There are 2 protein chains.
Amino acid sequence: MSNLKIIFLGTSGGMPSKRRSLPSIAIKYEGELILFDCGEGTQRQMLLGKIGFKKDFKIFISHLHGDHILGIPGLLYTMNMLDRKYSIQIFGPKGIKDSIEKLMNASIGKIDFPLEIYEIDEGNILETKKYSIKAINGNHVIKSLAYCFEEKPRPGKMIIEKLKELGIPRGPLWGKLQRGETINFKGRIIYPNEVTTPPRPGRKIVYSGDTRPCEKILNIAKNADVLIHDSSFDDSLKNKAFEEGHSTSLEAANIAKEANVSKLFLFHISPRYEKDDSILLKEARKVFQNCEIAEDFLTYEVPYKK
Amino acid sequence: MSNLKIIFLGTSGGMPSKRRSLPSIAIKYEGELILFDCGEGTQRQMLLGKIGFKKDFKIFISHLHGDHILGIPGLLYTMNMLDRKYSIQIFGPKGIKDSIEKLMNASIGKIDFPLEIYEIDEGNILETKKYSIKAINGNHVIKSLAYCFEEKPRPGKMIIEKLKELGIPRGPLWGKLQRGETINFKGRIIYPNEVTTPPRPGRKIVYSGDTRPCEKILNIAKNADVLIHDSSFDDSLKNKAFEEGHSTSLEAANIAKEANVSKLFLFHISPRYEKDDSILLKEARKVFQNCEIAEDFLTYEVPYKK
């Protein structure tokens, strides 16, 4: 049972508001830290949200609009001042390398730790022992990527009755079988799938980036545990959403429903809803009940599916 | 009587802390807005501090370290989204033009209002009807400018007895004399200096930027109403201050004392004093009593000298 935690660091869109900083989402998992986007102010939000600068730290940028990347140079400078030695990986669409180079060259400063920048496109971006990250095109006014974090499947549960029936004593042999290893018990070869249920799917988080509702995100979000979706406007501004390459909360909810996700977070909230964002939730919940508006510092621990 | 207000937007140095955002100081005067430095997060601090984006808006950058300039692009993008049409003037040392260009080119976005960037050096930078701004070299690890805002002298006070003696009736003629105009009263030429006290000096605010204590700042700060001075460290870290081109609070206080300023604000506070910065104040007050530590959103209305 590994903790998988989402901490919203900035939930506004375009410009900040009193209540909301610019877009950034932290994922904490197994001692690693992943950021989706890094708007201006992210480093301070990390401090306020008590997110440490982990050794394993990766940043995934959806697109190159200022509100999603201008927090990068300050964050890197600060980690350098804190004597970071470990590398940082930053992934983003074509152009991200040039952007970060310009941001770093614009100010006098330096970083002494290795900075690995990867220009990526749709596909499998990263695979570790524990999770994978895929990217898919969203549909925005400029190239914008959506990201899918997916935990590796967990081993199936031990079938105790079966183990007892075979007379295998509780202990190291159970552990081996649980980890998927075949054992030899008193001359009999026992395969893990004889004594465990099938592997259980890992948890899945999809972040849409800035986007219109779109098929590709719908597909990659199928049965996700969490969908964090652009929800810049309410339904009365659907034409504006269309023109500016964003989604309404209703459109986000429709994607969540069709994709059969477990939970939807409305994200990239326009400052016009600073005082009252209830309409966004109301319209979304008409079609998808398990929905919340992301707030700065809201933390959500992603549960395993029952 | 014009209001002259200082609002500290960010008072940290190098990196932000929970309590302090990165360096920026707002001066509000006669409907105008002046920023000294523009660290990451300045635009949100402006929102939180209820500083409007004034029509007359100028930014003065002390030096090109990231913590002093990385708030510029986001601030400009936001003002553009708010349909700003008026120009903005940004002043800073050589290289500021290239820096801002890189910052703007690093992200996809645009601004439709005129951006005037001036690369300046020591000297008289700006003179309006109401105030002037001078720059002087500080002493930092890279070129860093200190700025002096100085209100134009106010006309002297009317000497009521003298006016009565001359028989000049209260009314438009008094106004003319007050404004420094010569009048003809019943065939007699009356010069303003006959009926008013000498012009009274305007108020003066000096911002040191990042700096070691230095002669030039001492000189320009002579009799200032407010000195805002680098005060990164306490006295036990004076060697560190020396190496990194900063000042201790004691050094700042010595400058304030020698310059005979009215009030000193300790600024650019290292995050190491996050929980307890009392030592900075204690050490500074040993030599200069009228001293405060700048805090984010602390507002100070500069009084006229008595």
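The values are calculated or read from the model by the stated rules, or taken from the named source; none is laboratory data. Treat the numbers as computed from the prediction; the structure is a model and nothing was measured. Cβ placement follows ideal geometry from the backbone for every residue including glycine, while neighbour counts extend to all protein chains displayed. Accessible surface areas use protein heavy atoms only, side chains included; no ligands, DNA or RNA. Shrake-Rupley method; radii C 1.70, N 1.55, O 1.52, S 1.80 Å.
Just a few scattered comments:
- Considering segment A:114-180, the qualifying strands (runs of 3 or more DSSP E), each wholly inside and each with 3 or more residues that are in contact (Cβ under 8 Å) with a residue 40 or more places away in the chain and not aromatic (Phe, Trp, Tyr), run over A:131-137, A:145-151.
- Within the set A:283, A:295, the sole residue that is at pLDDT 95 or above, open to solvent by 40 Å² or more (accessible area, probe 1.4 Å) and either part of a strand (DSSP E or B) or assigned by TED's automatic domain parsing to the domain that holds residue A:51 (or both) turns out to be A:295.
- Complete set of residues in segment B:28-49 that are over 24 Å from residue B:122 (Cα atoms) and modelled with pLDDT of 95 or more: B:40, B:41, B:42, B:43, B:44, B:45, B:46, B:47, B:48, B:49
- Answer residue from segment B:235-255, given it is acidic (Asp, Glu) and free of Cβ contacts under 8 Å to residues at least 40 places away in the same chain and is nearest to residue B:286 (Cα to Cα) among those: B:251
- Within segment B:34-68, being open to solvent by 10 Å² or more (accessible area, probe 1.4 Å), at the interface with another protein chain (Cβ under 9 Å from one of its Cβ atoms) and touching a residue at least 60 places away in the same chain (Cβ under 8 Å) holds for B:48, B:64, B:65.
- Criterion: under 30 Å from residue A:158 (Cα atoms) and out of contact with any Cys (no Cβ under 6 Å at 6 or more places or on another chain) - qualifying residue of A:190, A:279, A:228: A:190
- Residues in segment A:73-121 that are within 9 Å of chain B (Cβ to nearest Cβ) and open to solvent by 10 Å² or more (accessible area, probe 1.4 Å): A:77, A:81, A:82, A:95, A:98, A:101, A:102, A:104, A:105, A:108, A:109.
- A single entry from B:198, B:213 fulfils the requirement of being open to solvent by 70 Å² or more (accessible area, probe 1.4 Å) and in a loop (DSSP other than H, G, I, E, B): B:198.
- Options A:208, A:232: the member that is in contact (Cβ under 8 Å) with a residue 40 or more places away in the chain, assigned by TED's automatic domain parsing to the domain that holds residue A:62, open to solvent by less than 10 Å² (accessible area, probe 1.4 Å) and within 13 Å of residue A:135 (Cα to Cα): A:208
- Residue list for segment A:222-251, restricted to those being more than 20 Å from residue A:65 (Cβ to Cβ) and either part of a helix (DSSP H, G or I) or among the β-branched types (Val, Ile, Thr) (or both): A:226, A:235, A:236, A:238, A:239, A:249, A:250
- Contact map, segment B:69-90: residues that are under 21 Å from residue A:21 (Cα atoms) paired with residues that are assigned to a strand (DSSP E or B) and modelled with pLDDT of 95 or more, Cβ distance under 6 Å, separation 6+ or inter-chain. Pairs shown: B:78/A:15; B:81/A:15.
- Restricting attention to segment B:69-109, the residues that are within 20 Å of residue A:101 (Cα to Cα) and either outside the structural domain of residue B:145 (by TED's automatic domain parsing) or touching a Cys at 6+ places or on another chain (Cβ under 7 Å) (or both) add up to 3.
- Inspection of segment B:125-138 identifies no residue that is hydrophobic (A, V, I, L, M, F, W, C) and open to solvent by 70 Å² or more (accessible area, probe 1.4 Å).
- Pair list, Cβ < 6 Å and 6+ apart or interchain, from segment A:1-23 residues that are farther than 23 Å from residue B:76 by Cβ to residues that are of a type in the set (Val, Ile, Thr) and open to solvent by 10 Å² or more (accessible area, probe 1.4 Å): A:7/A:299
- Filtered residue count, segment B:1-18, keeping only those that are part of a strand (DSSP E or B) and either more than 14 Å from every other protein chain (Cβ to nearest Cβ) or not aliphatic (A, V, I, L, M) (or both): 8
- Qualifying residue in segment B:230-247 (condition: touching a strand residue (DSSP E or B) at 6+ places or on another chain (Cβ under 7 Å) and more than 25 Å from residue A:81 (Cα to Cα)): no
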